[in-house]
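What follows is a single structure, written as structure tokens, with notes after it.
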Amino acid sequence: MILGLLKEHGKENRVALLPEIVKTFTDMKVEVLVEKGAGENAFTPDGDYEAAGAKIGSRADVFKKSDVLLQIQPPADEDIQKIQKSQVWISAFNPLWDTDLVKTFLKDGVTTFSLDLIPRTTRAQAMDILSSMATVSGYLAVLEAASKLPTFFPMFMTAAGTIRPANVLILGAGVAGLQAIATSRKLGAQVQVFDVRSAVKEEVKSLGGKFVEVEGATEDKAAGGYAVEQTEEYKQKQQQAINDIAAKSNVVICTAQIPGKKAPLLLPAEAVERMKPGSVIIDLAASTGGNCELTKNDETVVNNGVSIIGQSNYPSQMPMDASKMFGKNVLNFMKLMITEEGALNLNFEDDIVKGTCITHSGEIYNERVKSLFENK
Ligand code: NAD
């Protein structure tokens, strides 16, 4: 089979495969066709792909000749019509959020796999692009906050006096939040953390963060480890606690998300008003509405001296390692659908293959996407 690697569109700097992974695919008897310049924003020239055994072609070539098309970002509008029914499209389509795209795939009868649907199981861990990219985001969020803050992160005792460590508040202790705790602690800050899932308490503590408890959270084992929406009473108690801690924090890192839903609002405008001028809020949930009321996606808003940075694609800012991790996840996933002869075999008996498939032959395969359509 021919695996086509597309160049990303828009502001994306990553590429879905680096040459080291292309080499593994070619060793598996898969032909790899790379769009000219696909890796240039990740500092990877076409020659490196050729040395790894790939062929270089135009965008039109890749669309025409590939059995499987691969890219990170969902397609640009003009690309959607280019896919043929016989082809398989692998990307991070975000189908729980963008249901119109799912409708188009259904209508066109194309086969699509969305890597953001990889089940959160132990077997699938090595394929989990959400975890890989959240690791990058949590790390870079803290570095950006530290570089924008007018004060130090660590405590210093110098001849010129004592510097107090920065206070960091982290909202949401999923993969990004846990990485943000670890990075903030390495830089010497004091860290407090909120999450509705009590299961993360021990992890937060082991990384050196203080878990702030608000009693009465709703947890649902059926949600597969994800958070669910909370009661009004809980939200009010949580709000009071967050507002009080935010007022004393120099940095707030927002990471709380609920799959397929608008991000929970955890930092209202009045909480931002109480923060000290010079403080920094980084909102990683910006693309789904943000945890902070004042967040604007892909923008920095300054309110009363507090910078609110709405950034939902930090991985694009660290394209080499982010691409390396993404490509390794793709390889581990695609191993489930490649035969010893290098042919494509869509084995829907495999729960990971089935669970990651959005559409095939005019049907929805992923159960969570299916239930979105059934409940409409
Ligand atoms: P996420 O991006 O969906 O959300 C980030 C965090 O925000 C979560 O910890 C969530 O509980 C929290 N949150 C949501 N609403 C909140 C609210 N109102 N107030 C405070 N916090 C709130 O999370 P994620 O990083 O994708 O992780 C989700 C789950 O998946 C976790 O249980 C994680 O351990 C698990 N996971 C499993 C695997 C695996 O087994 N392969 C891999 C990665 C993550």
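The values are calculated or read from the model by the stated rules, or taken from the named source; none is laboratory data. Since the structure is predicted, the reported quantities are computational estimates derived from the model, not experimental observations. All Cβ positions, even for glycine, are placed from backbone atoms using ideal geometry, and neighbour counts span all protein chains on display.
Going through (1) under 26 Å from V196 (Cα atoms); (2) crowded, with 18+ Cβ neighbours inside 10 Å one by one, G260 falls short only on (2).
For the range 224-244, state whether one or more residues are closer than 23 Å to I282 by Cβ and either more than 14 Å from the ligand (Cβ to nearest atom) or in the same structural domain as R120 (by TED's automatic domain parsing) (or both). Scanning the range 224-244 turns up at least one residue that is closer than 23 Å to I282 by Cβ and either more than 14 Å from the ligand (Cβ to nearest atom) or in the same structural domain as R120 (by TED's automatic domain parsing) (or both). Listed by position, the strands (runs of 3 or more DSSP E) inside the range 22-113 whose residues that are of a type in the set (F, W, Y) number at least 1 are 88-91. Comparison of G278, G290 shows that the only residue that is outside any helix (DSSP H, G or I), of a type outside the set (A, V, I, L, M), more than 13 Å from the ligand (Cβ to nearest atom) and at positive phi is G278.
When the range 267-304 is filtered for residues that are of a type outside the set (K, R) and farther than 21 Å from E144 by Cα, the ones remaining, listed by number, are P268, A269, E270, A271, E273. Pick from the range 120-129 the residues that are assigned to a helix (DSSP H, G or I) and crowded, with 19+ Cβ neighbours inside 10 Å: which of them is farthest from the ligand (Cβ to nearest atom)? Ranking the candidates gives I129 first. Screening F105 against (1) within 16 Å of the ligand (Cβ to nearest atom); (2) more than 19 Å from the chain's Cα centre (by Cα); (3) aromatic (F, W, Y) leaves a single unmet condition, (1).
Inside the range 20-30, residues that are free of Cβ contacts under 8 Å to residues at least 60 places away in the same chain and touching a strand residue (DSSP E or B) at 6+ places or on another chain (Cβ under 8 Å) make up a count of 2.
Taken together, the residues in the range 214-250 that are in contact with a helix residue (DSSP H, G or I) (Cβ under 8 Å, 6 or more places away or on another chain) and free of Cβ contacts under 8 Å to residues at least 12 places away in the same chain amount to 0.
Do you know which of the residues in the range 177-187 that are under 13 Å from A145 (Cβ atoms) and either among the small types (G, A, S) or in contact with a Lys or Arg (Cβ under 6 Å, 6 or more places away or on another chain) (or both) is farthest from the ligand (Cβ to nearest atom)? Filtering the range 177-187 for residues that are under 13 Å from A145 (Cβ atoms) and either among the small types (G, A, S) or in contact with a Lys or Arg (Cβ under 6 Å, 6 or more places away or on another chain) (or both), the one farthest from the ligand (Cβ to nearest atom) comes out as S184.
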